[in-house]
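Worksheet: the structure to be examined is printed underneath.
The values are calculated or read from the model by the stated rules, or taken from the named source; none is laboratory data. All figures in this text were calculated on a predicted structure; none of them were measured in a lab. All Cβ positions, glycine included, derive from the backbone under ideal geometry; neighbour counts span all protein chains shown.
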Amino acid sequence: MKLYIVPTPVGNLEDMTFRAVKVLKEVDFVLAEDTRTSSVLFKHFGIENKLLAHHKFNEHSSVQGVVDLLLSGKTAAVISDAGTPGLSDPGFLLVRTCVEQGIEVECLPGATAAIPALVNSGLPMDRFCFEGFLPQKKGRMTRLNALATEPRTMIFYESPYRVVKTLGQFIEIFGAERQAAVSREISKLHNETKYGTLAELEAWFTANEPRGEFVLVVAGVAEEEKEKNTNHNKYKK
């Protein structure tokens, strides 16, 4: 009994590893965030295996059934539409339950949008924090205020529909002159990264309609700014 976490390409299908294909062919069944999307991937690599839906709308109700199959001696793999399952995608709940039940879990190394965006950014990468998607409404500004004095480089995921709004909120909390980089369509045909201050990036994406999937990388607070931001945010709660 074993559960494999298998990353899939975030853009270019050539980013798929030989081992990932081998595992997906050999396990007893594969859990997929969207079986239609994964069917395209399977066809491309000649993978013929059973696909079961495992997404945010059914994962709470399906986890125990999957665990029971694993406890009976089956092997399974989890994939998301793109990238590494569990990182802003379904997978965490199943992994936690398997660990609690003594089922072996192995995550294969592979594609994720966060690390290429961080490396592309030119910002310090010796220490960083991954924030993923911010809450869309409730708790959004509370989360950002908590990061006002964060010294590490910060990584955020965002949809094209909220990029400009999010950059504006970053300016409000982090300051207009904070350095950042915005990457879109990582590993795809139109992959690009824009660099500058938050104010410059907000102006760019206001004038140029955001398209594609985005990763926003923001510099951490400098030591000389830290005390100023701490005092400033006391009055914004």
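Structure values in brief
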item: Only one of Ala76, Ala82 that is within 17 Å of the chain's Cα centre (by Cα), among the hydrophobic types (A, V, I, L, M, F, W, C) and buried (at least 19 other Cβ atoms within 10 Å of the Cβ); result: Ala82
item: Lone unmet requirement of (1) more than 20 Å from Gly220 (Cβ to Cβ); (2) in contact with a strand residue (DSSP E or B) (Cβ under 6 Å, 6 or more places away or on another chain) for Cys129; result: (1)
item: Members of the stretch 126-179 that are assigned to a strand (DSSP E or B), in contact with a Phe, Trp or Tyr (Cβ under 6 Å, 6 or more places away or on another chain) and buried (at least 16 other Cβ atoms within 10 Å of the Cβ); result: Glu131, Thr153, Ile155, Tyr157, Glu158
item: Residue within the stretch 101-109 that is among the acidic types (Asp, Glu), surrounded by fewer than 17 Cβ atoms within 10 Å (Cβ to Cβ) and either at pLDDT 90 or above or more than 24 Å from Arg152 (Cβ to Cβ) (or both) present; result: yes
item: Counted residues, the stretch 25-78 - those being touching a residue at least 40 places away in the same chain (Cβ under 8 Å), of a type outside the set (Val, Ile, Thr) and farther than 14 Å from Met1 by Cα; result: 6
item: Residue ranges of helices (runs of 4 or more DSSP H) in the stretch 46-122 with at least 1 members of a type in the set (S, T, N, Q) and touching a Ser or Thr at 6+ places or on another chain (Cβ under 7 Å); result: 114-121
item: Boolean, Phe156 is within 28 Å of Pro90 (Cα to Cα) and touching an Asp or Glu at 6+ places or on another chain (Cβ under 6 Å); result: yes
item: Close pairs (6 angstrom Cβ cut-off, 6 or more residues apart or separate chains): in contact (Cβ under 8 Å) with a residue 24 or more places away in the chain in the stretch 89-109, aromatic (Phe, Trp, Tyr) anywhere; result: Glu106/Tyr4
item: Where Val66 falls short, out of the listed (1) surrounded by 15 or more Cβ atoms within 10 Å (Cβ to Cβ); (2) under 18 Å from the mean Cα position of the chain (by Cα); result: (2)
item: Hits in the stretch 6-27 - residues which are surrounded by 15 or more Cβ atoms within 10 Å (Cβ to Cβ) and either within 16 Å of Pro116 (Cβ to Cβ) or acidic (Asp, Glu) (or both); result: Pro7, Thr8, Pro9, Val10, Gly11, Asp15, Met16, Thr17
